[in-house]
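A.B. asks: Sharing a structure, written as structure tokens. Questions coming.
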Amino acid sequence: MSNDFSLSSFPELETERLLLRETTLQDAEAIFAVFSDPAVTQFHDLDTFTSIEEAIALIVRRAKRFEQGEGIRWGIARKQDNVLIGSCGFRWNPQENSAEVGYELASTFWRQGIMTEAVHTILQFGFEKMGLRFVVAQVMLDNIASKKLLEKLGFQSQGVLKQHGFFKGQYHDLEQFVINK
């Protein structure tokens with residue numbers, strides 16, 4: 001059974017400390033600040049940003065993906081100032097009623113439980129509102145923090161996919177994690 005993952009409007013989600021909202025062109029400088037940090041992009045499939053135009057292009061790509069029903073990426077903003085400090089979201093797999101999760105966070109906010117809070121919230125949304133059966137994550141082998149986050153959220157390792165990801169000019173082994181509804 002295939003699911004239709006198109007949404008009529010972008011859903012805003014709220015946690016104790018965070019607003020998960022649509023990213024707009026007004027967020028370009030904040031997105032650039034996140035992705036211009038090599039510590040953030042070290043395990044990401046994007047190169048470190050060197051210009052604001054790259055942030056604008058990313059915002060446009062993500063908006064198009066949402067409009068086409070291919071995925072959703074929430075900007076993570078602190079409630080106190082509504083400034084984006086990262087993002088998290090899904091790429092849908094309608095044939096399997098599943099999604100792949102992805103995320104990143106400005107390094108100054110690491111180890112504060114922010115990503116746990118954000119990803120837990122979007123997982124709830126995915127399972128309860130979108131009818132997902134399972135969610136997968138693929139992580140570079142050296143990304144220990146991401147593996148710990150996924151395990152904390154209840155994901156289980158399914159093993160290593162050899163030479164599975166190609167980005168930054170080379171193939172990478174990726175560990176796949178899965179959480180079921």
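A.B. asks: Looking only at the stretch 152-169, decide whether some residue is open to solvent by 90 Å² or more (accessible area, probe 1.4 Å), within 21 Å of Gln95 (Cβ to Cβ) and either modelled with pLDDT of 95 or more or out of contact with any Pro (no Cβ under 9 Å at 6 or more places or on another chain) (or both). It would help to see each step written out before you state the result.
C.D. replies: Taking the stretch 152-169 as the starting set, the residues that turn out to be open to solvent by 90 Å² or more (accessible area, probe 1.4 Å) are 152, 156, 158, 162-164, 166.
Applying the additional criterion that residues be within 21 Å of Gln95 (Cβ to Cβ) yields 158, 164.
Narrowing further to those that are either modelled with pLDDT of 95 or more or out of contact with any Pro (no Cβ under 9 Å at 6 or more places or on another chain) (or both): 158, 164.
Yes - at least one qualifying residue is present in the stretch 152-169.
A.B. asks: Out of contact with any Gly (no Cβ under 6 Å at 6 or more places or on another chain), modelled with pLDDT under 95 and buried (at least 16 other Cβ atoms within 10 Å of the Cβ) - does that describe any residue in the stretch 86-96?
C.D. replies: Yes, some residue in the stretch 86-96 is out of contact with any Gly (no Cβ under 6 Å at 6 or more places or on another chain), modelled with pLDDT under 95 and buried (at least 16 other Cβ atoms within 10 Å of the Cβ).
A.B. asks: Now for a separate question. Does Arg65 satisfy being open to solvent by 30 Å² or more (accessible area, probe 1.4 Å) and in a strand (DSSP E or B)?
C.D. replies: Working: open to solvent by 30 Å² or more (accessible area, probe 1.4 Å): yes; in a strand (DSSP E or B): no.
Criteria not met by Arg65.
A.B. asks: Now for a different question. Cβ-Cβ distance below 9 Å, separation of 6 or more or different chains: which pairs start in the stretch 16-35 with a residue that is closer than 18 Å to Glu54 by Cα and part of a helix (DSSP H, G or I) and end on one that is of a type in the set (Ser, Thr, Tyr) and open to solvent by 10 Å² or more (accessible area, probe 1.4 Å)?
C.D. replies: Close Cβ pairs (under 9 Å, with a partner that is of a type in the set (Ser, Thr, Tyr) and open to solvent by 10 Å² or more (accessible area, probe 1.4 Å)) amount to Ala30/Thr23; Ile31/Thr23; Phe32/Ser51; Val34/Ser107; Phe35/Thr48.
A.B. asks: When you go through (1) open to solvent by 40 Å² or more (accessible area, probe 1.4 Å); (2) within 19 Å of Asp27 (Cβ to Cβ); (3) assigned to a helix (DSSP H, G or I) one by one for Asp81, which number turns out not to apply?
C.D. replies: In the conditions (1) open to solvent by 40 Å² or more (accessible area, probe 1.4 Å); (2) within 19 Å of Asp27 (Cβ to Cβ); (3) assigned to a helix (DSSP H, G or I), Asp81 misses (3) alone.
A.B. asks: Now for a separate question. Can you name the residue in the stretch 7-49 that is open to solvent by less than 50 Å² (accessible area, probe 1.4 Å) and among the aromatic types (Phe, Trp, Tyr) and, of all such residues, is nearest to the chain's Cα centre (by Cα)?
C.D. replies: Looking at residues that are open to solvent by less than 50 Å² (accessible area, probe 1.4 Å) and among the aromatic types (Phe, Trp, Tyr), I get Phe35.
A.B. asks: Can you find even one residue in the stretch 113-129 that is at pLDDT 95 or above, surrounded by fewer than 15 Cβ atoms within 10 Å (Cβ to Cβ) and not in a helix (DSSP H, G or I)?
C.D. replies: Yes, the stretch 113-129 has at least one match.
The values are calculated or read from the model by the stated rules, or taken from the named source; none is laboratory data. Being a predicted model, the structure only gives us computed values, none of them experimental. Methodologically, a virtual Cβ is constructed for each residue, glycine included, from the backbone with ideal geometry; neighbour enumeration extends over all protein chains shown. Note: accessible area is taken over every heavy atom of the protein model, side chains too, but ligands, DNA and RNA are not part of it. Shrake-Rupley method; radii C 1.70, N 1.55, O 1.52, S 1.80 Å.
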